[in-house]
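Worksheet: one structure, shown below.
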Amino acid sequence: GVYLANSKNALRIEGQQTVSFEIAQDLDWRAPDWIVLPSGNLGNVSAIVRGFERLCAAGICDRVPRVLAAQSDRADPFFRAFQNGFAHKQTVVAGETQATAIRIGDPVSFSRAVRAMRACEGVVESICERDLADVARTADFCGLYVCPQTAIALAATKRAIASGLISKKQTIVVVSTAHGLKFQ
């Protein structure tokens with residue numbers, strides 16, 4: 001048989017919550033100020049917020065971090081919905097992008113992600129291919145070899161710091177979804 005393991009599967013989203021637990025544990029059971037995620041089907045957005053909500057409910061963490069969901073401008077339906085306050089779901093025809101793993105025009109976890117973003121006062125960014133490439137090149141020079149999706153998240157982080165949305169003094173965790181070699 002075939003088992004669907006994408007963001008439509010509730011068990012996958014339950015498992016993805018462990019990313020929150022690992023982040024909190026690595027930070028001595030403190031929540032960072034921001035978590036930046038490459039975002040396509042949006043399961044990771046809802047899972048990470050839910051994981052921190054559970055840590056707060058258990059008295060382990062005292063707050064849920066804000067989330068910055070980063071999308072490619074060639075597949076950014078969540079960004080477009082964010083621009084109108086999530087008043088309605090946006091569906092787009094996803095264009096060609098280096099960030100193929102988040103090239104999704106109709107995210108299956110849209111409703112769960114909207115709830116999560118409202119709960120954590122999250123923000124959504126849309127990143128162009130040039131910014132993706134520039135940040136990937138900079139990461140390479142720094143000894144990191146990131147996948148295109150992670151470059152999208154790094155570019156969104158860079159933009160948020162430059163705009164003042166995120167302070168350089170805040171704790172920021174950028175979730176890397178794969179190694180660069182996977183996309184050669």
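Looking at the structure I just gave you, is Gly59 at negative phi, free of Cβ contacts under 8 Å to residues at least 24 places away in the same chain and not aliphatic (A, V, I, L, M)?
No: the conditions fail for Gly59.
For Ala178, all conditions in the list (1) modelled with pLDDT of 95 or more; (2) under 23 Å from Ser20 (Cβ atoms) hold save one; what is the number of the exception?
Only one criterion in (1) modelled with pLDDT of 95 or more; (2) under 23 Å from Ser20 (Cβ atoms) is unmet by Ala178, namely (1).
Would you be able to tell me the number of residues in the range 161-184 that are free of Cβ contacts under 8 Å to residues at least 40 places away in the same chain and open to solvent by 60 Å² or more (accessible area, probe 1.4 Å)?
Summing the residues that are free of Cβ contacts under 8 Å to residues at least 40 places away in the same chain and open to solvent by 60 Å² or more (accessible area, probe 1.4 Å) in the range 161-184 gives 9.
Take the range 32-54 and flag every residue that is modelled with pLDDT of 95 or more and either of a type in the set (Asp, Glu) or open to solvent by 10 Å² or more (accessible area, probe 1.4 Å) (or both).
Within the range 32-54, Asp33, Arg50, Glu53, Arg54 meet the criteria.
Just give me the residues in the range 124-160 being in a strand (DSSP E or B) and open to solvent by less than 20 Å² (accessible area, probe 1.4 Å), in sequence order.
Val124, Ser126, Ile127
If a residue has to be exposed (fewer than 14 other Cβ atoms within 10 Å of the Cβ) and on the phi > 0 side of the Ramachandran plot to count, how many in the range 76-123 make the cut?
Total meeting the criteria: 2.
Where the second residue is open to solvent by 50 Å² or more (accessible area, probe 1.4 Å) and the first is on the phi > 0 side of the Ramachandran plot and lies in the range 10-34, which pairs have Cβ atoms under 7 Å and are six or more apart or on separate chains?
Listed by first residue and then by second, the contacts come to Trp29/Ile60.
The values are calculated or read from the model by the stated rules, or taken from the named source; none is laboratory data. Just so you know, these numbers come straight off a predicted model, no measurement behind them. With ideal geometry, Cβ positions are generated from the backbone for all residues, glycine too; neighbour counts draw on all protein chains shown. When the accessible area is computed, the model is the full protein with side chains, heavy atoms only, and any ligands, DNA or RNA have been set aside. Shrake-Rupley method; radii C 1.70, N 1.55, O 1.52, S 1.80 Å.
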